[in-house]
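Have a look at the structure below, then the notes.
The values are calculated or read from the model by the stated rules, or taken from the named source; none is laboratory data. From a predicted model like this one, the values you see are computed outputs, not experimental measurements. Don't worry about glycine lacking a Cβ; one is built from the backbone with ideal geometry, like all the others, and counts go over all protein chains shown. Please note that ligands, DNA and RNA were not included when accessible areas were found on the heavy atoms of the full protein model with its side chains. Shrake-Rupley method; radii C 1.70, N 1.55, O 1.52, S 1.80 Å.
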Amino acid sequence: MKRSDRPRRWPAYAVAGLFLGYAAGKAAFAAQDRLGFPGGPPVPASEAASYFMDAAAAQWLATASGVVGAAIVLLTVLPPGRRVPRRLMLLVLAVMAAAVGGGAGIMAVDGFVGIGVGWQWYHGVLGIVVIVLFMETIRSYATSTGRRRFVGGRTGP
């Protein structure tokens, strides 16, 4: 199998699209001063009162995190991202993987097993797809930016 210096870009573009969709949904709820996510389980009003900040502020912060997440994922396949030190980018992607994996994992487990959050089976499928796409984005970045050994006048594996 031939190793390519070019990353597979489509997983990163798909994840960026999902992050932007997340941000748009959170912005829509922020404008309505509501918690939750369009298409997700409803959040009771009594639960909203127990948070440390009002619903709109929480949703705007989540909107910002979605936009920042999309930008970071796009950096894995765009030329400006190649100037970011590899170890730093992999560290950032690992932290993001924990957050994305946690949220998507909860969607998947609740969608298929039911832990009381209210996600349905199709949310569970989406959670699994998000985890797989994000892991493929990381793998593609790590593979395309990995150091190659110079062996006998040619680049080794």
Having 3 or more residues that are in contact (Cβ under 8 Å) with a residue 12 or more places away in the chain and in contact with a helix residue (DSSP H, G or I) (Cβ under 8 Å, 6 or more places away or on another chain) is the bar; report the helices (runs of 4 or more DSSP H) wholly within the stretch 29-135 that clear it.
55-75, 86-112
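Each row is one residue, and each column tells you yes or no for (1) among the β-branched types (Val, Ile, Thr); (2) modelled with pLDDT of 90 or more; (3) open to solvent by less than 80 Å² (accessible area, probe 1.4 Å).
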{"site": "3", "(1), (2), (3)": "no, no, no"}
{"site": "15", "(1), (2), (3)": "yes, yes, yes"}
{"site": "19", "(1), (2), (3)": "no, yes, yes"}
{"site": "22", "(1), (2), (3)": "no, yes, no"}
{"site": "27", "(1), (2), (3)": "no, yes, yes"}
{"site": "35", "(1), (2), (3)": "no, no, yes"}
{"site": "49", "(1), (2), (3)": "no, no, no"}
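So, residue 143, is that one under 18 Å from the mean Cα position of the chain (by Cα), polar (S, T, N, Q) and in a helix (DSSP H, G or I) or not? Outline the logic, then answer.
Numbers: under 18 Å from the mean Cα position of the chain (by Cα): no; polar (S, T, N, Q): yes; in a helix (DSSP H, G or I): yes.
Judged against the criteria, residue 143 is not a match.
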Starting from residues that are closer than 22 Å to residue 39 by Cα and at pLDDT 95 or above, keep the ones in the stretch 69-103 and report whichever is surrounded by the most Cβ atoms within 10 Å (Cβ to Cβ).
100
All but one of (1) over 11 Å from the mean Cα position of the chain (by Cα); (2) on the phi < 0 side of the Ramachandran plot hold for residue 17; which doesn't?
(1)
Do we have residue 62 as more than 15 Å from residue 130 (Cα to Cα), surrounded by 12 or more Cβ atoms within 10 Å (Cβ to Cβ) and modelled with pLDDT under 95 here?
yes
Any idea which residue in the stretch 104-134 is nearest to residue 145 (Cα to Cα), counting only those that are open to solvent by 30 Å² or more (accessible area, probe 1.4 Å) and of a type in the set (Phe, Trp, Tyr)?
122
For residue 56, all conditions in the list (1) within 17 Å of residue 130 (Cα to Cα); (2) at pLDDT below 90 hold save one; what is the number of the exception?
(1)
